[in-house]
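Take a look at the structure below.
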């Protein structure tokens with residue numbers, strides 16, 4: 001499941017596939033989610049029609 005989460009599959013979808021609630025999924029796997037901050041910042045900036053977000057790399 002951590003592979004799915006780290007691949008960008010939304011937590012509600014992973015929880016459904018795993019037969020868990022989102023709360024249980026994130027309580028167990030939140031510490032395994034790594035390396036998504038930069039991608040999230042880029043998506044936010046793109047959605048806002050901006051360039052690189054402040055604090056971005």
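Name every residue in segment 1-16 that is touching a residue at least 24 places away in the same chain (Cβ under 8 Å) and not in a helix (DSSP H, G or I), in order of residue number.
Selection gives 1, 8.
Filtering segment 38-55 down to residues that are exposed (fewer than 11 other Cβ atoms within 10 Å of the Cβ) and at pLDDT 90 or above, which residue is farthest from the chain's Cα centre (by Cα)?
For segment 38-55, the residue satisfying everything is 49.
Against the definition (exposed (fewer than 13 other Cβ atoms within 10 Å of the Cβ), modelled with pLDDT under 80 and out of contact with any strand residue (DSSP E or B) (no Cβ under 6 Å at 6 or more places or on another chain)), how does residue 35 come out, yes or no?
Yes.
The values are calculated or read from the model by the stated rules, or taken from the named source; none is laboratory data. Since the structure is predicted, the reported quantities are computational estimates derived from the model, not experimental observations. Methodologically, a virtual Cβ is constructed for each residue, glycine included, from the backbone with ideal geometry; neighbour enumeration extends over all protein chains shown.
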